[in-house]
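What follows is a set of notes on a single structure, which appears directly below.
The values are calculated or read from the model by the stated rules, or taken from the named source; none is laboratory data. Quantities reported herein were computed from a predicted structural model and do not represent experimental measurements. Cβ placement follows ideal geometry from the backbone for every residue including glycine, while neighbour counts extend to all protein chains displayed. Note: areas computed on protein heavy atoms with side chains; ligands, DNA, RNA excluded. Shrake-Rupley method; radii C 1.70, N 1.55, O 1.52, S 1.80 Å.
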Amino acid sequence: MTASEKRPELKVVGARADGPAGEARDPDPVLEAAIASRTDHYFRRTKAIVERFGDIQVRYAIFMRRPVMFAPRLAVEWIEQVARERSVEFGVELCCGEGEWVGAGDPLIYLTGSLVHLVDLETLYLQKLGAACVAAHNAYSMCCDMPKAGFLAMDARHCTGPDMAELMAYAASVGSEAAKRDRGAVGFVGNATDATAHFFGRESGLGTMPHALIGYAGSTLRAAEMFREVFPDDPLTVLVDYFGREITDALTVCRRFPDLASRGQLSIRLDTHGSRYVEGLDPSLSYAVLERHVPKATRQYRSQAELRYLIGTGVSAAAIYHLRERLDAEGFQQVKIVASSGFGPEKCRIMGSVGAPIDVVGTGSYLPERWSETYATADVIEYGGKSRVKVGREFLLGHG
């Protein structure tokens, strides 16, 4: 059932925010100041005009121009907060459930209420909706393409601040849950910060060491030893690309911690950047690695981008198979591989298509790549119960 076929679920939010005497209290001045300073100015002027000439009940249709996965919770929670503070009621009709696919142009939400109280909210609730829906769609496709791999959301450093970081973590959790439901995927197992860990059912973020620790320690092995001394009870994930000796340093660490390796508590993280090949590989050797494991991988039409993900520099499918071969040959079959560096939807699709033996993917690349795709739009489609919408948006009227 598509969004256009599903009957919207009406939720009335806000009601009265009564004070001790049973009278509606004044709205929170901090919230109102934030809305006034952050909303588009023409909405504020419209609010003033409608207050002067008479309020009216309106109905908005909120939609996007590309297919997305519905991730409305943070936007709706904010709308609910404003309704409570203003002592008004809004009707919020969700056209589909959280984590459901929505087609381009299909309404996501119908929002009903006083024009005076809704007109100045549009800027802010759209900010909380569009990007989250696109990021959830990206996270979903990545998890579905690599259903056996766990994902770690490492996007916080790429976000513009805590508000965006919250939106993106929430979006990843929505896409992940949908992939678990539809494909039995492992999905996102956590994220990098404590502030948003609750979206993944955790109390704190996950992660072991950045490149800065390797540089501080002076060697990959010493960094691993330092980490183990300070955090003796935690599983250990070691970065191995700092010195360009991915295979050598990975095996050195495994030999130093054989008990962790045999118990599956040791992971090797490959984060080689795209300016060079992983230790022991070049173009011809990369082809040879894939020929041993997935001989058909390069015997079909491939774009240049696809070939780069398969046999190119950086963290390619060949690099993952190469590391897995060397670990297994040394008896370290239980050691896990964590892959990062540019793992967005397209790279995950290619990695999944060749069964790259990745246990965990570290990604911030589920964030929307083309920001213009995240633009959500809200149009008023009814004034005082009468249908009216600008020319070209009549398609919205057919969904009521």
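Worth pointing out:
- Segment residue 183-residue 148, length gained on full extension (0.36 nm per residue, minus Cα span): 11.6 nm
- Legend: P(r) of the chain from all alpha carbon pair distances, 10 Å bins from 0, whole percents, reading 5, 20, 26, 20, 13, 11, 5, 1, 0.
- Mean shadow area of the stretch 183-293, taken as a quarter of the surface of its Cα convex hull (nm²): 9.6 nm²
- Highest mean packing first, where packing is the average number of other Cβ atoms within 10 Å per residue, the peptides 49-58, 305-314 line up as 305-314, 49-58.
- When peptides 339-347, 98-106 are sorted by average Cβ neighbour count within 10 Å, with the highest value leading, the order is 339-347, 98-106.
- Violating pairs (Cα-Cα greater than 23 angstrom) within the set 180/347; 296/336; 128/148; 11/390: 296/336; 128/148; 11/390
- Quarter of Cα convex hull surface for the stretch 245-346, i.e. mean projection, nm²: 6.5 nm²
- Size of charge dipole - the stretch 208-317 - debye, nearest 20, with Cβ of Lys, Arg +1 and Asp, Glu -1, no other charges: 380 debye
- Residues whose amide H comes within less than 5 Å of that of residue 238, counting only those at least five positions distant or on another chain, are 267, 268, 269 (H built at 1.01 Å from N in the peptide plane).
- Carbon plus sulfur fraction of accessible area for the chain, probe 1.4 Å, in percent: 50 percent
- Those GluC sites (Glu not before Pro) in the stretch 179-267 that DSSP places in a loop and that have at most 16 other beta carbons within 10 Å: 203
- Taking label positions 7 Å along the Cα-Cβ direction at both residue 375 and residue 393, the computed distance is 1.3 nm, reported to one decimal.
- Å² per residue, accessible surface of the stretch 283-344 at 1.4 Å: 47 Å²
- Straightening the chain between residue 38 and residue 275 buys 81.1 nm, computed as 0.36 nm per residue apart minus the Cα-Cα spacing.
- Shape summary: the stretch 63-219 maps onto an equivalent ellipsoid whose semi-axes, from the alpha-carbon gyration tensor, are 32, 20, 12 Å in decreasing order.
- Rough spin-label spacing in nm, given labels placed 7 Å along Cα→Cβ, for residue 198 and residue 292: 4.9 nm
- Taking trypsin sites (Lys or Arg not before Pro) across the stretch 103-210, the ones in a DSSP loop with at most 13 further Cβ atoms lying within 10 angstrom of their Cβ are 148.
- In plain terms, the chain from residue 255 to residue 56 could stretch by 64.3 nm, reckoned as 0.36 nm per residue minus the Cα-Cα distance.
- The separation of the stretch 113-129 from the stretch 311-376, counted between C-alpha centres, amounts to 40 Å.
- With a Förster radius of 22 Å applied to the beta-carbon distance between residue 216 and residue 160, the computed FRET efficiency rounds to 0.20.
- Label point distance in nm, residue 228-residue 299, each placed 7 Å from Cα along Cα→Cβ: 4.3 nm
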